[in-house]
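Here the structure comes first, spelled out in structure tokens, and everything after it is commentary.
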């Protein structure tokens, strides 16, 4: 993940929230005129902050608070210099002078907050976030007087909310003629996402609102975007959550009031899961209270759909990629979509929730196709091969969003009711991602990621691991298999599918799938097996490229 832009387009509050959600390690650099600042993140938490306008050393602060005297500070600085500045000043004071760790931590936390809050007043300038897994804990130079570094880190969400609140208070004070604190500039602009208001909509009526569509699947995004443009919408097509947040904020700042169409199943901002749509929806819901939002998906995810419903947003099933070529069916979908968008824009209640709505069935009914008429196997095979070609092209796309794992799950959704991707590392099999696993207080992602077992243990994965070939089978569960089925919500499927992800004759993962909760057999999975044989190579390539990138950065 990379973020580069202007503070006028994206405020510090939004940046903090984006990095927090992505849980990245790296440095955010800020430049405003002759001012420079930085915020250091470790796994999405703020561990350090510096500003050219806030020059105050840890030692000076501790002296001001009466924790140490000048003599102790000089001795500590001398020790730090003798040791080649390999340790931070706070650590030296704790280890060598008996200063309480809690006191130093409290002072450091307070100073980091103060530095970050002053950065909120920089309403003009540029920013850049550079991700790096290796953040130096001590500066390589003795010239930096700031020795503020936390081990645990501060929650950026808290900093964003508190910084916004303080800036709003000062802006209000400035407007009413009250005294403004010296650190806040008089021309400050309230950037807080939650403070964006849409009252100007009535004074500038427009036939159609701007429509932002976010979908990581390129062909589907293009088809929906083109279709909605033909309906008269000013469409902004996005493939990443970060870009969507920037676009929504920019339009709101400019007095426009967009409707947002969010794809439910897409990569999270940190690449760790497939419910990136829920992640984005929650961020939009928390910060843009009045914008209309519609959620779409091409397969069901019960836990995520319940969260969408609880937030009160409209939900619609979109065509799968294989259905995009059906012009009549796609036009039916666009009609349903326009209805939902218009209802959201006018504030009407959303249509009755349909937990088992199937767009394909609705299209067949609309087109007058009789379910009892037998369907030739040839079109199904041809559509599977056509979909396979598209998926393989996307797999080889260097700009693939979410990586091979997400693409494998999306392709598996064409054949299976639920699927799980497992990775294999040091002969240990671990759950990595899923769709279709739901129910209970624990989310499907958490259930899957809690699964770990040795590859050598007798299980249904033994034969696919040995032969490196996909298999569809009737389960005869071993004790380990029973544990896995129980972890996935209970029940034993009539049939199951396991396809190994292979690279250089070595199994690096598996895709498991079945049709629970329905008791039905699994259809033809030949094209899925072919895709998985290529996906393993792509996954291995991605991992090697990541390792090389990390080494080059060090």
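Of the residues 297, 239, the one with the fewest other Cβ atoms within 10 Å heads the list, and the complete ranking is 239, 297. Fully extending the segment from residue 101 to residue 471 would add 127.5 nm, taking 0.36 nm per residue of separation and subtracting the current Cα-Cα distance. Look at the Cα gyration tensor of the range 477-540: its axes a ≥ b ≥ c give a/c of at least 1.5 with a/b at or below b/c, and that counts as oblate.
Using a ≥ b ≥ c from the Cα gyration tensor of the range 3-167 (square roots of the eigenvalues), is it rounded, prolate or oblate, where a/c under 1.5 gives rounded and otherwise the larger of a/b and b/c decides, a/b for prolate?
prolate
Placing a pseudo-label 7 Å from each Cα along the Cα-to-Cβ vector at residue 309 and residue 81 gives an inter-label distance of 6.9 nm. Of 468, 252, the sequence from fewest to most neighbouring Cβ atoms within 10 angstrom is 468, 252. Shape of the range 22-65 from its Cα gyration tensor (a ≥ b ≥ c, root eigenvalues): rounded if a/c is under 1.5, otherwise prolate when a/b > b/c, or oblate? Since a/c reaches 1.5 but b/c is at least a/b, the shape of the range 22-65 is classed as oblate.
Rule-based calculations on the coordinates, nothing more; no lab input. It should be emphasised that the depicted structure is a prediction, and the values quoted were computed from it without experimental measurement. Cβ: placed from backbone, ideal geometry, glycine included. Neighbour counts: every protein chain shown.
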